[in-house]
Amino acid sequence: MSILDLPHVFTITLLPSGRSISSTEQTTILEAAALDGLRLSSSCRNGTCRACLCRLLDGTVRYRIDWPGLSADEKADGWILPCVALPTSDLTVDQVDFLEVPNPADIKPGRRRGF
């Protein structure tokens, strides 16, 4: 495999927190966040429920298919669905709600009752 075969890596900045994550052009924003220990708002994970709806302030995304979850006007206004959006450049995304998922290796075992 040559360096030309490696996927492009993009930086995704999540606002208002300013947190940055990395993603390739083959990984959705939602998947990239999960790989970085963040759980973004989502439900269906296929672009139909709109629970993950966010605004793209800078950069470009593509979709594997022309998804019906957004109207042409919404796309023109910068709205995206991170569960199915694939980055094609560095991104700045606004209105992102997320929870940090603790790394299991960092969780100290406590006393447990043997239920």
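Of the trypsin sites (Lys or Arg not before Pro) found in the range 1-84, those that fall in a DSSP loop while having at most 12 other beta-carbon atoms within 10 Å are Arg64.
For the range 30-39, backbone phi angles converted through the Karplus equation (6.51, -1.76, 1.60; θ = phi - 60°) give residue-by-residue couplings of 4, 5, 4, 4, 4, 5, 9, x, 10, 10 Hz, Gly and Pro being listed as x.
Ala72 to Val9: extension gain in nm, 0.36 nm per residue of separation minus the Cα-Cα distance?
Numbers: separation 63, 0.36 × 63 = 22.68 nm, distance 2.76 nm.
Fully extending the segment from Ala72 to Val9 adds 19.9 nm.
Ordering Asp36, Asp73 from the fewest to the most neighbouring beta carbons within 10 Å gives Asp73, Asp36. Spin-label pair Thr24-Asp58: with each label point 7 Å from Cα along the Cα-Cβ axis, the two points sit 2.6 nm from one another.
Normalised by residue count, the range 3-101 yields a Cα convex hull volume of 94 Å³ per residue. The local environment of Gln95, defined by Cβ-Cβ distances under 15 Å, has a net charge of -2 under the rule Lys, Arg +1 and Asp, Glu -1.
Length gained on full extension, Ser17 to Arg39: 6.5 nm, using 0.36 nm per residue less the C-alpha separation.
Only the coordinates and a few stated rules stand behind these numbers; no lab work does. What you see is a predicted model; the values in this text were computed from it and never measured. Cβ sites come from the backbone with ideal geometry, for glycine too, and all protein chains shown count toward neighbours.
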